[in-house]
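K.L.:
I am attaching a structure below and will ask some questions about it afterwards.
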Amino acid sequence: MNYKPLLYALLIGSTAVSCIRKEAPNAEADITGCTLPGNVLVQDTIDVDVSYDKSLNAYPIYIQVKKGTDCSQLAPVFTLTPGATIEPESGSTQDFSSPVRYTVTSEDGQWHRTYSISIEEEKVQEIPTTFHFEDTRIENGYYVFYETSENQELTWASGNGGFRLAINNADASEYPTTVEEAGYSGKCAKLVTRTTGSLGAMVGMPIAAGNLFIGKFNLSNALSNSLKATQLGVEFYHKPLKLKGYFKYTPGNQFYENGGYTNRKDQFDIYAIFYENKDENGQSVMLDGTLPLANFVHPNLVALAQYKDTQVLNSWQPFEMTFDYDRYGKSVDLDRLNAGDYNISIVISSSKDGATFEGAPGSTLWIDEMSIIYE
């Protein structure tokens with residue numbers, strides 16, 4: 001008898017059994033996503049990538065909803081790791097007048113994780129309107145400017161986080177946005193256009209202009225779409241009239257554009273925008289760094305203030321910019337103003353075309369004692 005066919009059949013059969021053997025149940029017990037029904041969120045997404053809080057004995061998730069939202073009747077919907085379950089049930093209505101604790105259990109039933117979900121109605125947050133550039137802190141190795149006044153606080157955003165992706169061993173003083181001890185009065189902000197090394201050149205971002213802006217720098221978009229990573233604006237409850245301050249400026253020696261250096265002179269940029277932060281359907285609108293490329297044309301814009309005279313000035317000079325409302329032909333609705341339906345942003349850069357990675361390395365803009373005049 002020939003045993004080979006039988007041997008082959010046994011081998012194939014045993015292999016097939018091993019191939020279709022069930023995988024071990026998942027041992028993870030995480031919330032990987034969270035949404036709320038209806039247009040109630042202040043931000044488009046909810047941050048669920050959180051660290052354990054010993055004081056709460058849980059992983060805290062904080063959610064802000066729009067003014068007027070009834071927090072006692074909300075039904076968050078959760079995305080979990082495969083096979084995991086959650087208690088209370090995802091999509092069930094809960095009273096979030098105080099934090100609600102959820103327990104996620106892994107598919108294998110051996111692991112669980114407790115989350116504390118806090119949902120609060122957004123509060124009216126006034127920002128300071130005078131900026132001294134005295135206060136900084138070090139975060140992730142670079143300077144962050146912030147301003148406080150009568151329980152109001154504003155943290156300035158910058159592109160320093162993007163620069164860190166290219167040169168992560170730089171000293172804080174070597175970043176594009178840093179601090180200078182000798183300002184117009186006390187300290188000041190110092191914005192310098194820097195080269196970004198071989199990594200920056202490799203991804204088509206060979207320079208980084210020093211910048212400050214009111215808004216948020218979305219680091220996750222920094223490499224894929226740097227212009228959209230610059231998200232402009234916070235709520236403002238007044239009609240801005242003017243932006244005033246002091247500056248001095250020195251351009252770099254050689255201008256970088258189109259893959260090489262030219263004799264073009266660099267220029268700095270200071271502008272401010274005032275815009276409606278909702279569209280006609282009530283959806284949130286956040287303008288971004290693409291705005292100058294569109295020549296400041298956008299249906300939500302209400303007013304623009306822009307500094308035009310960019311001559312070289314090596315000593316401190318005052319500047320004053322008027323918000324132009326005639327350009328967009330819109331009036332400010334006082335009811336909407338009081339409801340927080342308008343955003344303001346100020347943008348300052350050491351290279352006017354730095355957003356498209358054109359500028360002269362070494363261009364330096366100092367800025368100090370700035371204020372928004374409003375009614």
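The values are calculated or read from the model by the stated rules, or taken from the named source; none is laboratory data. Small disclaimer: the values here were computed from a predicted structure and weren't measured. Virtual Cβ from ideal backbone geometry, glycine too; neighbours counted across all protein chains shown. The area values use the complete protein model at the heavy-atom level, side chains included, leaving out ligands, DNA and RNA. Shrake-Rupley method; radii C 1.70, N 1.55, O 1.52, S 1.80 Å.
K.L.:
With a cut-off of at most 14 other beta carbons within 10 Å, and DSSP calling the residue loop, which trypsin sites (Lys or Arg not before Pro) in segment 87-159 qualify? Please list them.
P.N.:
Answer by residue number: Lys123.
K.L.:
Could you check which residue among Pro82, Pro176, Pro251 shows the biggest mean-square fluctuation in a GNM of the chain with a 10 Å Cα cutoff?
P.N.:
Pro82
K.L.:
Could you please report the charge total around Asp368, scoring K, R as +1 and D, E as -1 over all other residues with beta-carbon less than 14 angstrom from its beta-carbon?
P.N.:
Details: positive: Lys187, Lys190, Lys244, Lys248; negative: Glu134, Asp135, Glu147, Glu180, Glu181, Glu369.
With Lys, Arg at +1 and Asp, Glu at -1, the net is -2.
K.L.:
Also: Measuring from centroid to centroid over Cα atoms, what is the spacing of segment 41-57 and segment 313-375 in Å?
P.N.:
Here the answer is 33 Å between Cα centres.
K.L.:
Tell me the GluC sites (Glu not before Pro) within segment 16-101 that lie in a loop according to DSSP and have at most 14 other beta-carbon atoms within 10 Å.
P.N.:
Glu23, Glu89
K.L.:
Sort Ser98, Ser72 by accessible area with a 1.4 Å probe, largest first. Can you show the working numbers first?
P.N.:
Working: Ser98 65, Ser72 35 Å².
Largest accessible area first, the residues go Ser98, Ser72.
K.L.:
May I ask you to derive the FRET efficiency for Asp95 and Lys244 from their Cβ-Cβ distance with R0 = 51 Å, giving the value to the nearest 0.05? All intermediate terms of the calculation are to be shown ahead of the outcome.
P.N.:
Working: r = 48 Å, r/R0 = 0.95.
Approximately 0.60, to the nearest 0.05.
K.L.:
Before rounding to the nearest 500, sum -39500 (n - 2.57) across all DSSP H runs of length at least 4 in the chain and divide by the residue total; then give [θ] at 222 nm in deg cm²/dmol. Show your work: numbers first, answer last.
P.N.:
On the way: 5 runs with 38 residues, N = 375.
Result for the chain, helices only: -2500 deg cm²/dmol.
K.L.:
Go through segment 257-263 residue by residue and turn each phi into a ³J(HN,Hα) via Karplus (6.51, -1.76, 1.60, θ = phi - 60°); whole Hz please, and just put x for glycine and proline.
P.N.:
Whole-Hz 3J(HN,Hα) from phi for segment 257-263: 7, 6, x, x, 9, 10, 8.
K.L.:
Right, something else. Round to the nearest 10 and give me the degree value, 0 to 90, for the angle of helix 4-19's Cα axis relative to the longest principal axis of the chain.
P.N.:
Here the helix axis deviates by roughly 50 degrees.
K.L.:
Follow-up. I'd like the GluC sites (Glu not before Pro) in segment 276-363 restricted to DSSP loop residues with at most 14 other Cβ atoms within 10 Å, sorted by number.
P.N.:
Details: sites: Glu276, Glu280, Glu320, Glu358; in loops: Glu280, Glu358.
Filter output for segment 276-363: Glu280.
K.L.:
Next up: Scan around Leu241 for amide H atoms under 5 Å from its own, H built in the peptide plane at 1.01 Å from N, and keep only partners 5 or more places away or cross-chain.
P.N.:
Ile373, Tyr374, Glu375
K.L.:
I would also like to ask the following. Top mean-square fluctuation among Lys228, Lys248, Lys66, Gaussian network model of the chain, C-alpha springs under 10 Å?
P.N.:
Looking only at Lys228, Lys248, Lys66, the biggest GNM fluctuation is shown by Lys66.
K.L.:
In the chain, if the dipole is taken from +1 on Lys/Arg beta carbons and -1 on Asp/Glu beta carbons about the Cα centre, which of Tyr184, Val347, Ala172 is farthest to the positive end?
P.N.:
Checked the options; the winner is Ala172.
K.L.:
What does the charge count near Ile86 come to, summing +1 for each Lys or Arg and -1 for each Asp or Glu among other residues with Cβ under 14 Å from its Cβ?
P.N.:
Working: positive: Arg101, Arg113; negative: Glu28, Asp30, Glu87, Glu89, Glu107.
Surrounding charge for Ile86 is -3.
K.L.:
Let me ask you something else. ³J(HN,Hα) across segment 90-103 via Karplus (A = 6.51, B = -1.76, C = 1.60, θ = phi - 60°), whole Hz, x for Gly/Pro?
P.N.:
4, x, 7, 7, 10, 8, 9, 4, 9, x, 10, 9, 10, 10
K.L.:
Classify segment 223-262 from the C-alpha gyration tensor, please: rounded if a/c falls under 1.5, else prolate or oblate depending on whether a/b exceeds b/c. It would help to have the intermediate numbers written out before the result.
P.N.:
Details: a/c = 4.65, a/b = 1.48, b/c = 3.14.
Judged from the Cα gyration tensor, segment 223-262 comes out oblate (a/c at least 1.5, b/c at or above a/b).
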